[in-house]
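Chemist: I'd like to ask some things about the structure below.
Laboratory data are not the source of any read-out in this text; all were calculated from the coordinates shown. Source: prediction; values computed, not measured. In this analysis, Cβ positions are derived from the backbone assuming ideal geometry, glycine residues included, and neighbour counts consider all displayed protein chains.
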Amino acid sequence: MIDFQSDVPRWVQVAEVMRARIADGTYGARDRVPSVLQIQHEFGIATATAQKVLRALRAEGLTYTVPGLGSFVAERSTDA
């Protein structure tokens, strides 16, 4: 799933997978997304890299974090 030989940073590759999962409904609105540890294990990346993925998704407004509970998929606006 992740091309470790690519010039594209690993966090960018993983974030794209996570974005696709949100877009296709694998992770629905208000669903918990995988934790840093789960992302680290699934993709074979470092903890700091997994943290960067979650920070990027949060910065894009795709997820939000509840301290002590984890990260969740944000509600999508129906305005187009």
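Chemist: I'd like the orientation of helix 47-59 relative to the chain: the angle between its Cα long axis and the longest Cα principal axis, in ° from 0 to 90, rounded to 10.
Modeler: 30 degrees
Chemist: If amide H atoms are built 1.01 Å from N in the plane of the peptide, which residues on other chains or at least 5 residues away come under 5 Å of the amide H of residue 63?
Modeler: Result for residue 63 returns 58, 74.
Chemist: A follow-up question, please. Hand me the chymotrypsin sites (Phe, Trp or Tyr not before Pro) from the range 1-66 located in a DSSP loop with no more than 14 other Cβ atoms within 10 Å, in residue order please.
Modeler: 4
Chemist: Rounded to whole Hz and in sequence order, give me ³J(HN,Hα) for the range 12-23 from the Karplus expression 6.51 cos²θ - 1.76 cosθ + 1.60, θ = phi - 60°, writing x for Gly and Pro.
Modeler: Per-residue couplings from phi come out as 5, 4, 5, 4, 5, 4, 5, 4, 5, 5, 5, 5 Hz.
Chemist: Determine the sum of side-chain charges near residue 63: Lys and Arg each +1, Asp and Glu each -1, restricted to other residues whose C-beta is under 12 angstrom from that of residue 63.
Modeler: After counting each charged neighbour, the total is +4.
Chemist: Please give the calculated 222 nm ellipticity per residue for the chain, where each DSSP H segment of at least 4 residues contributes -39500 (n - 2.57) and the sum is spread over every residue; nearest 500 deg cm²/dmol?
Modeler: -13500 deg cm²/dmol
Chemist: Over the chain, consider all pairs of different Cα atoms and compute the Kirkwood hydrodynamic radius from their mean reciprocal separation; express it in Å, one decimal.
Modeler: With all distinct Cα pairs of the chain included, I get 12.9 Å.
Chemist: Could you give the length gained by full extension between residue 58 and residue 3, i.e. 0.36 nm per residue of separation minus their alpha carbon distance, to one decimal place?
Modeler: 17.4 nm
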